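Student: Below is one structure. I have some questions about it.
Coordinate-derived values only; no laboratory data. Since we're looking at a predicted model, the values are computed, not measured. FYI the Cβ positions are ideal-geometry reconstructions off the backbone, even for glycines, and counts take in every protein chain you see.
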2 protein chains.
Amino acid sequence: MISKNQLKLIRALGQKKYRKQHNQYLVQGEKNVLELLASGLTIIDIFATAAFIAQFQQQFTHVNMIEADEGVLTKASTLVSNNAAIAIVDMPKVTLPEAEGLILALDGVSDPGNLGTIIRVADWYGIQHIVASLDSADPYNPKTISATMGSFVRVSVSQVNLAEYLTQITQPIYGAFLEGENLHRSQLAQSGVLLMGSESHGIREDCAALVTNKITIPAFGGAESLNVAMATGIILDNFKRQA
Amino acid sequence: MISKNQLKLIRALGQKKYRKQHNQYLVQGEKNVLELLASGLTIIDIFATAAFIAQFQQQFTHVNMIEADEGVLTKASTLVSNNAAIAIVDMPKVTLPEAEGLILALDGVSDPGNLGTIIRVADWYGIQHIVASLDSADPYNPKTISATMGSFVRVSVSQVNLAEYLTQITQPIYGAFLEGENLHRSQLAQSGVLLMGSESHGIREDCAALVTNKITIPAFGGAESLNVAMATGIILDNFKRQA
């Protein structure tokens, strides 16, 4: 059973202020909780339906799952559906990535769903580190975690002063612009930074000034732009085909 | 001003049943309405804020915009925000595409947001026709239209018995599977069909049997799958780089 205090904590962790205060966040839904259980992340508490426990407790003996019925989980959850399990997790200490391989940098990507989708596609292409501007969406927002479909366990996100971070990079900094070099004709290094801006503002001035290679996804039709997550996936695919 | 009857109609067109009955649908938000105004589609009525009318009426004299304040538009709208204008539009007659160039086929893509995002990226890559299974999301769902970011004016979507449609195709039918040929190493024809399945069920048996070329987006990391819209964009990029 979920106690009143645990329920209160779960609700509070839906908000950034309390995530920061407790240094904890929520992982919800079967796919994300299963990836969490298989990861090395520190689980404080995990609440799950009897069916979930019957199916998975034996496989993951390092945590003791607390039974709760789906109605209670749904009421506790910040998500509308998919409430087989909810976990409270310690935020890992994220250190800035060493400049090795390709690092993804995000400038002002403020939508948590977009950030989560980017984490998922980054994971598909084997990118392990994302560096995001301070005003980017919270990587621990439940909507972000949900959209990662489990990839949050393999991709770290550091929020930093992005221009300051980029100033220290000595490798190529690729930036996605509408007027860059055709991505299909570009030589793409396998080490450095790929910088993506937000859909509404693009890459801002201070970061744009530090880009060494402007690239563009060639357009063949009438759409004016692509969603930032979509653009990130397409560009990563172009990088990796040269790997 | 919006009359009570017009308000009732707008509300009704949020539902598929009434869209079918009236043969009309809604286009909402500045970007989508501007694309609509610049297109050849038949607008029945358009309601907009004074600011929108002041800025755009002169540019589009073929329709008479009816002023409404933003509060009323927001109340009328099926969207949460972005309510500078709402239009009621006649459904165009969509005919099945001639097999020329690349046609996108969707099997059971039931999420309207995904369908809209697919229409947008199809438009980016110059794909003009999408053929979708009967149980795919409604192309005229307000969430679909909204996610297209204006691309609904350039891309037609026909809903058909997909297996029957594919049976008549004599050109290559590419299908996205987890165990197909590596997309980065495939020769991709510029004419034929690209078939995508839903995220949860993939391409179903009856359609899968008609696929001539199984392809796969190569994975480099730990994610198990990609969102169907993301996968569609990445595959289209691979097709077009060989154009």
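Student: Compute the separation of the alpha-carbon centres of the range B:92-170 and the range A:1-73 and state it in Å as a whole number.
Tutor: The range B:92-170 and the range A:1-73 have Cα centres separated by 39 Å.
Student: Right, next: Looking at the protein assembly as shown, send over the antiparallel percent of its DSSP beta bridges, to the nearest 5. It would help to have the intermediate numbers written out before the result.
Tutor: Values: 22 of 70 bridges.
Taking every DSSP beta bridge within the protein assembly as shown, about 30 percent pair in antiparallel fashion.
Student: If you don't mind, another one. Divide, for the range A:77-161, the radius of gyration over alpha carbons by 2.2 N^0.38 Å, where N is the residue count. Present the calculation step by step, with values, prior to reporting the outcome.
Tutor: On the way: Rg = 12.7 Å, N = 85, 2.2 N^0.38 = 11.9 Å.
Dividing the Cα radius of gyration by 2.2 N^0.38 Å gives 1.07.
Student: Moving to a separate point now. Size of the dipole of the protein assembly as shown about the Cα centre, Lys and Arg at +1 and Asp and Glu at -1 on the beta carbon, nothing else charged, in debye to 20?
Tutor: 760 debye
Student: What are the label-to-label distances in nm, one decimal and shortest first, from residue B:187 to the same spot in the other copies, with labels 7 Å along Cα to Cβ?
Tutor: 2.9
Student: What whole-number distance in Å separates the alpha-carbon centres of the range A:202-243 and the range B:191-218?
Tutor: One Cα centre to the other: 27 Å.
Student: Could you work out the pair-distance distribution P(r) of the range A:4-90 from its alpha-carbon pairs, with 5 angstrom bin width and percents rounded to whole numbers?
Tutor: Result returned by the calculation: 3, 16, 29, 27, 18, 7, 1, 0.
Student: While we're on this one: Set the bar at 27 Å for Cα to Cα. Now go through B:8/B:93; A:143/B:4; A:75/B:4 and name every pair that lies beyond it. Display every interim value, and only then the final one.
Tutor: Working: B:8/B:93 25 Å; A:143/B:4 37 Å; A:75/B:4 37 Å.
Violating the 27 Å limit, Cα to Cα: A:143/B:4; A:75/B:4.
Student: Counting other beta carbons within 10 Å of each residue's own, what order do B:240, A:214, B:16, A:93 fall into, fewest first? Present the calculation step by step, with values, prior to reporting the outcome.
Tutor: On the way: B:240 21, A:214 17, B:16 13, A:93 7.
Neighbour counts put them in this order, fewest first: A:93, B:16, A:214, B:240.
Student: For residue B:240, which aspartates and glutamates qualify as cross-link partners when the Cα separation must be under 14 Å and same-chain residues fewer than eight apart are set aside?
Tutor: Partners within reach: A:237, B:123.
Student: Can I ask one more? Along Cα→Cβ at 7 Å, what distances in nm separate the residue B:168 label point from those on the other copies, shortest first?
Tutor: In ascending order, 6.3 nm.
Student: What does the copy distance list look like for residue B:64, label position 7 Å along Cα→Cβ, in nm and ordered from shortest?
Tutor: Relative to the other copies, residue B:64 has label-point distances of 7.5 nm.
Student: Given the -39500 (n - 2.57) contribution per DSSP H run of 4+ residues, what per-residue ellipticity at 222 nm results for chain B, rounded to the nearest 500 deg cm²/dmol? Please report the intermediate quantities before stating the final value.
Tutor: On the way: 10 runs with 81 residues, N = 243.
The helix-only estimate for chain B comes to -9000 deg cm²/dmol at 222 nm.
Student: What area, in nm² and to one decimal, does the C-alpha convex hull of the range A:152-243 cast on average over all directions?
Tutor: Details: hull surface 26.8 nm².
Projected over every direction and averaged, the Cα hull of the range A:152-243 covers 6.7 nm².
Student: For A:65, B:1, which order do you get if you count the other beta carbons within 10 Å of each Cβ and list the fewest first? Intermediate results must be reported in sequence, preceding the final value.
Tutor: Numbers: A:65 22, B:1 10.
Going from least to most buried by this count: B:1, A:65.
Student: If you don't mind, another one. Ratio to report: Rg/Rh of chain B, with Cα atoms as the point set and Rh obtained by the Kirkwood method; give two decimals. Don't jump to the answer; show the numbers that get you there.
Tutor: Working: Rg = 19.4 Å, Rh = 19.0 Å.
Expressed as Rg/Rh, it is 1.02.
Student: Just rank A:193, A:72, fewest to most, by other beta-carbon atoms within 10 angstrom.
Tutor: On the way: A:193 24, A:72 17.
Ascending number of Cβ neighbours within 10 Å: A:72, A:193.
Student: What residues from the range A:200-237 fall in the zone where the backbone N is under 12 Å from a label point 7 Å along the Cα-to-C-beta line of residue A:181?
Tutor: Hits in the range A:200-237 for residue A:181 at 12 Å: A:212-216.
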